[in-house]
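The values are calculated or read from the model by the stated rules, or taken from the named source; none is laboratory data. Quick caveat: nothing in here was measured; it's all calculated off a predicted structure. Backbone-built Cβ (ideal geometry, glycine too); neighbour counts: all protein chains shown.
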Amino acid sequence: METKKVEMTPEEFKEFQEFKEKNEKLEARKKRADDREAYKSLIDATIESVFPELQNLSKLLGEKKKGVYISFHEAMLMKADLFELKSQQRSHTFTNAAGTMRVILGYYETDGYDDTVNEGIAKVKAFISSLARDPESKMLVDGILRLLSKDTKGNLKASRVIQLKKMAAESNNELFIEGVQIIEDAYRPEVSKSFIRAEYRKEGEAWTNVPLGITEA
């Protein structure tokens with residue numbers, strides 16, 4: 001390719017350099033925009049490819065989980081009858097005769113209360129607030145009132161109610177005791193999620209968990 005020598009004045013050369021730099025910036029900007037679009041297209045294509053697989057995996061896991069519960073249903077009924085277990089039992093552990101494999105079935109509970117809990121809370125607060133006579137006792141009262149604070153779902157924590165019950169018994173105050181009793185009677189725990197755990201081990205070794213979730217696998 002033939003090259004030509006071009007003569008420029010200093011002003012013309014400066015203008016040329018500025019034009020060249022401006023052009024390079026525009027090209028770099030366009031390349032970044034094109035790269036971003038290519039990235040978005042790649043993400044879209046990847047999600048559309050992978051998502052159905054994840055949906056199928058979720059459906060398969062749900063079916064297998066249901067199947068395991070059906071398989072152990074009769075065993076759980078026999079266990080409850082043989083050992084006179086309470087129906088409220090939250091989990092069941094089944095181990096093979098060799099002691100090398102076991103399956104644990106159960107469910108989680110979340111704290112819940114009916115509307116009467118507010119009556120109990122009001123009574124407890126009325127008693128506790130009457131104790132705040134000076135800065136020292138007020139600090140103690142504030143600490144106790146925090147036990148009555150609700151979680152994001154608007155429920156009290158059952159473990160805190162147990163602490164309140166102990167305090168009520170120690171206070172020997174009828175209003176306090178009655179308030180905590182109303183709170184206890186309003187307790188309506190709700191089943192959240194059921195779970196399955198599978199574990200195995202060699203003789204003399206600790207149990208090893210079988211990863212059943214996509215996070216653990």
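Taking region 107-217 and the helices (runs of 4 or more DSSP H) fully enclosed by it, the elements with 1 or more residues that are of a type outside the set (D, E, K, R) and within 30 Å of residue 69 (Cβ to Cβ) are at 158-171. When 39, 113 are checked against the criterion of being closer than 30 Å to residue 186 by Cβ and either of a type in the set (Ser, Thr, Tyr) or surrounded by 10 or more Cβ atoms within 10 Å (Cβ to Cβ) (or both), 113 stands alone in meeting it.
Within region 133-176, if we keep just the residues that are crowded, with 16+ Cβ neighbours inside 10 Å and modelled with pLDDT under 80, the residue that is farthest from residue 187 (Cα to Cα) turns out to be 141.
Taking region 194-217 as the range and being more than 18 Å from residue 60 (Cβ to Cβ) and either aromatic (Phe, Trp, Tyr) or loosely packed, with under 13 Cβ neighbours inside 10 Å (or both) as the test, the residues that pass are 200, 202, 203, 204, 205, 206, 207, 208, 209.
Every residue, every condition in (1) among the hydroxyl-bearing types (Ser, Thr, Tyr); (2) more than 30 Å from residue 207 (Cα to Cα), yes or no:
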site	(1), (2)
89	no, no
93	yes, no
102	no, no
111	no, yes
118	no, yes
124	no, yes
130	yes, yes
144	no, yes
148	no, yes
